[in-house]
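The values are calculated or read from the model by the stated rules, or taken from the named source; none is laboratory data. Here the structure is a predicted model, which means the values were calculated and not measured. Heads up, the Cβs are rebuilt from the backbone with ideal geometry, glycines too, and the neighbour counts pull from every protein chain shown.
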Amino acid sequence: MSTTYAPGSTLTVQDVADLIDHALLKPELTPAEVEASCRELAAAEIWSVCVRPSDVALALAAVEGHKTQVCTVIGFPHGTTSTAAKVAESKQALADGATELDMVLNIGRLRGGDVEAVTADIAAVVEVGHAAGAIVKVIFETALLDEEQKVAACRASQAAGADFVKTSTGFAGGGATLPDVRLMRASTDLPMQVKASGGVRDIETLLAMCAEGVTRIGTSSTEALLAGAREREAAGTLVVPEPGGEMAGADGQGY
């Protein structure tokens, strides 16, 4: 599991790399493009590559020999597939070598107030994932939810036994915001963790997210984040700020 960094903590470039789930989820990516990206990212020793379910086996072969894990998405991007379909998708992904599952909760059911159904949907995937020793993260799509619904999603995820709550898919507009991750951290109990996805494209934003208790970052801006981390490490300023700041340079849209 990922490390929580208190305000004032000095990070290394490797610490930053260990926060990153790099998203390779665009529908137009070819197998060759996914494979090449996975090899490059594994060489940077990031925590994981987050790939489409059909790319799990390919990604696993591409990261062989490196610490980088293979994560995939379940019920992506709308969360509206049946629970049975999510379970089947999870089993196949695990068989193909995924060690982390990022599932989209049923957004419409949540917005409709059926929290019991949402909880059961999450719990079914958690059961399959945990039986295989996998981490399960629950994607909310915060841009589509009001504050009460976000809190309900946190409580459902916790009740279902998930390991992380996650802000966004990156495909529905909006993305990770500091108020949202603050709310998610405040509405869940440890050891549950928080993943910020969508719009984290510079090191200042990543550090601001860490200050709010975020322990994983979903992004496609790994190169920029690591470059920023190297610059700050050299300057002695790769430090987690005090919480309550504003994000610099991110609009929250997409990965």
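Within the stretch 42-74, being out of contact with any His (no Cβ under 9 Å at 6 or more places or on another chain), of a type outside the set (A, V, I, L, M, F, W, C), within 15 Å of Leu25 (Cα to Cα) and surrounded by 20 or more Cβ atoms within 10 Å (Cβ to Cβ) holds for Asp55, Thr72. Of the residues making up the stretch 75-114, those that are buried (at least 19 other Cβ atoms within 10 Å of the Cβ) and small (Gly, Ala, Ser) are Gly75, Gly79, Ser90, Ala93, Ala98. Exactly one residue out of Glu127, Glu89, Glu148, Glu116 is under 24 Å from Leu24 (Cα atoms) and either in contact (Cβ under 8 Å) with a residue 12 or more places away in the chain or not hydroxyl-bearing (Ser, Thr, Tyr) (or both), and it is Glu89. Cβ-Cβ distances below 7 Å connect the following pairs, each with a first residue in the stretch 50-72 that is more than 19 Å from Ser90 (Cα to Cα), a second residue that is assigned to a strand (DSSP E or B), and a separation of six or more residues or different chains: Val63/Val49; Val63/Val70; Thr68/Ser48; Thr68/Val49. Residues of the stretch 164-219 that are outside any strand (DSSP E or B), within 24 Å of Gly129 (Cβ to Cβ) and basic (Lys, Arg): Arg185 alone. When Ala123 is tested against the conditions (1) closer than 17 Å to Ala156 by Cα; (2) surrounded by 21 or more Cβ atoms within 10 Å (Cβ to Cβ), the lone failure is (2).
Note on the stretch 1-24: among residues that are within 17 Å of Thr68 (Cα to Cα), touching a Phe, Trp or Tyr at 6+ places or on another chain (Cβ under 9 Å) and modelled with pLDDT of 95 or more, the one that is surrounded by the most Cβ atoms within 10 Å (Cβ to Cβ) is His22. In the stretch 225-234, is there at least one residue being in contact (Cβ under 8 Å) with a residue 24 or more places away in the chain and not in a helix (DSSP H, G or I)? No, that holds for no residue.
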